[in-house]
Amino acid sequence: MLNFAIVGCGHIAKKHAEAIERAEGAALIAVCDTIPENMEFYRETYNARTYTNYTEMLSNKDIDVINICTPSGFHASLAVQGAEAKKHIVVEKPIALLLNDTNAMIEACEQNSVKLAVVHPNRFRPAMKKLKEVIESGKLGKISHVNATVRWNRNQAYYDQAPWRGTKGLDGGVLMNQAIHNLDLMLWMMGEVHEVFSMSATRIRDIEAEDVCTGLVKFTSGALGVIETATTIYPKNFEESLAIFGEKGSIKIGGPTAVNVEHWVVDGTTELETEELMKSIKADPFGKPGHQCIIEDMVEAVQENREPIVTGEDGKKALELVLALYESSESNQPVKMQPQEVLN
């Protein structure tokens, strides 16, 4: 049994608490927040011990894993401190807002021999797992291009709920906060990025960061990509999708939250096989909750002394892409990320 503690008792912390409760081999024993009333739910519901001082909580030797659910700008310092206290770390997306902070987190976990997992739960959705299998099998042949889209609504009231929301120092905009899950999926499917070019703007929301961004990507494989992200869609979430096009197939996973198979044509796959696939995913589009998968994977990673499925390096790759898109939009120039070893 691994004992978990949560730092930061805002909205996303409840998902973590539920996931820990459902996960085999996990227990929530403590929470930490600077506002005492934010912790009452966890004390009453899970009998969790409450702390207003993070250092004091880390001194509790019964705690094995810290789940970091604070605003993104605080992730790095909390993770480093937790790792130095010999606690394994589960950190909400994005892993951090700066590369130096991310490197410090990864290094601290390595030096203290603790695990670091980043919460990118969409990898565990049934449709995405099937898409990953097909790509790895080579059934799509050479990939020509991919389209990653997030057309969501986050109204002004959402940003006004807390002063850190929409700020560059603690939160970031649509790329860093909302679309990073979709970008992680794109990287998971397509591999390393060679070059990006993007444009971003703050068109409608009264925030410091961007509320809309479009971008172009060239992967080291030679494949191309199109990114479109926005929190300005009226009046509610409209689409989150990932579409991949190859010489022997084309697939689109979409819907408001990228769980539905909207198009699936793969050479060598019969109509009946495709119908059965789509039927099975439609029956259970979300599968086991992604946060629960992350928690259970952390338990197994510790028990088996292996890396978590979504590592700190994975979180770093998604962050690097976001930062490159930001750099390109600010400079109005393409930004190279990796050598293009393969161009075909």
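The values are calculated or read from the model by the stated rules, or taken from the named source; none is laboratory data. The structure presented is a predicted model; accordingly, all values stated were derived computationally and were not measured. Using ideal geometry, Cβ is built from the backbone for each residue, glycine included, and neighbour counts are taken over all protein chains shown. Just the protein is used for accessible areas: all its heavy atoms, side chains included, with ligands, DNA and RNA removed. Shrake-Rupley method; radii C 1.70, N 1.55, O 1.52, S 1.80 Å.
Hey, does segment 322-339 have a residue that's within 18 Å of Glu110 (Cα to Cα), crowded, with 20+ Cβ neighbours inside 10 Å and in contact with a strand residue (DSSP E or B) (Cβ under 8 Å, 6 or more places away or on another chain)? It would help to see each step written out before you state the result.
Restricting attention to segment 322-339, the residues satisfying the condition of being within 18 Å of Glu110 (Cα to Cα) are none.
There is no residue in segment 322-339 that is within 18 Å of Glu110 (Cα to Cα), crowded, with 20+ Cβ neighbours inside 10 Å and in contact with a strand residue (DSSP E or B) (Cβ under 8 Å, 6 or more places away or on another chain).
Considering only segment 134-160, state which residues are in contact with a Phe, Trp or Tyr (Cβ under 8 Å, 6 or more places away or on another chain), open to solvent by less than 40 Å² (accessible area, probe 1.4 Å) and either farther than 30 Å from Glu273 by Cβ or assigned to a helix (DSSP H, G or I) (or both).
Trp152, Asn153
Within segment 207-219, how many residues are assigned to a loop (DSSP other than H, G, I, E, B) and surrounded by 20 or more Cβ atoms within 10 Å (Cβ to Cβ)?
Within segment 207-219, the subset assigned to a loop (DSSP other than H, G, I, E, B) is 207-211.
Remaining after also requiring surrounded by 20 or more Cβ atoms within 10 Å (Cβ to Cβ): 207, 209-211.
Residues in segment 207-219 being assigned to a loop (DSSP other than H, G, I, E, B) and surrounded by 20 or more Cβ atoms within 10 Å (Cβ to Cβ): 4 in total.
Given (1) of a type outside the set (Phe, Trp, Tyr); (2) exposed (fewer than 15 other Cβ atoms within 10 Å of the Cβ); (3) without any contact (Cβ under 8 Å) to a residue 60 or more places away in the chain; (4) assigned to a helix (DSSP H, G or I), where does Met278 come up short, assuming only one miss?
(2)
Inside segment 109-152, can you point out the residues that are within 30 Å of Tyr234 (Cα to Cα) and free of Cβ contacts under 8 Å to residues at least 24 places away in the same chain?
Step one: of segment 109-152, the residues within 30 Å of Tyr234 (Cα to Cα) are 119-128, 131, 145-152.
Listed by number, the list is empty, since nothing qualifies.
Could you list, in sequence order, all residues of segment 165-206 that are in a strand (DSSP E or B) and aliphatic (A, V, I, L, M)? Before the answer, list the steps.
Here is the first cut: in segment 165-206, the ones in a strand (DSSP E or B) are 193-201.
Matches in segment 165-206: Val193, Val196, Met199, Ala201.
Residue by residue, here is whether (1) farther than 23 Å from Ala179 by Cα; (2) in a strand (DSSP E or B) holds:
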{"position": "Cys9", "(1), (2)": "no, no"}
{"position": "Ala17", "(1), (2)": "yes, no"}
{"position": "Ile20", "(1), (2)": "yes, no"}
{"position": "Ile29", "(1), (2)": "yes, yes"}
{"position": "Asn38", "(1), (2)": "yes, no"}
{"position": "Phe41", "(1), (2)": "yes, no"}
{"position": "Phe74", "(1), (2)": "no, no"}
{"position": "Val91", "(1), (2)": "no, yes"}
{"position": "Leu97", "(1), (2)": "no, no"}
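Can you name the number of the only condition in (1) touching a residue at least 24 places away in the same chain (Cβ under 8 Å); (2) of a type in the set (A, V, I, L, M); (3) open to solvent by 80 Å² or more (accessible area, probe 1.4 Å) that Val299 fails?
(3)
Do we have Thr229 as open to solvent by less than 30 Å² (accessible area, probe 1.4 Å), out of contact with any His (no Cβ under 8 Å at 6 or more places or on another chain) and not in a helix (DSSP H, G or I) here?
Working: open to solvent by less than 30 Å² (accessible area, probe 1.4 Å): yes; out of contact with any His (no Cβ under 8 Å at 6 or more places or on another chain): yes; not in a helix (DSSP H, G or I): yes.
Yes, satisfied.
Identify, from the list Thr149, Thr167, Thr214, the residue that is hydroxyl-bearing (Ser, Thr, Tyr) and more than 27 Å from Trp264 (Cα to Cα).
Values: Thr149 fails: more than 27 Å from Trp264 (Cα to Cα); Thr214 fails: more than 27 Å from Trp264 (Cα to Cα).
Going through Thr149, Thr167, Thr214 in turn, just one is hydroxyl-bearing (Ser, Thr, Tyr) and more than 27 Å from Trp264 (Cα to Cα): Thr167.
Which of the numbered conditions does Asn103 fail, given that it passes all the others? Conditions: (1) open to solvent by less than 10 Å² (accessible area, probe 1.4 Å); (2) closer than 30 Å to Tyr326 by Cβ.
(1)
Starting from segment 166-192, take each residue that is touching a residue at least 60 places away in the same chain (Cβ under 8 Å) and list its partners that are of a type in the set (Phe, Trp, Tyr), counting only C-beta distances under 8 angstrom and pairs at least six apart or across chains.
Correct list of pairs: Leu170/Phe74; Leu170/Trp164; Asp171/Trp164; Leu175/Tyr326; Glu192/Phe219.
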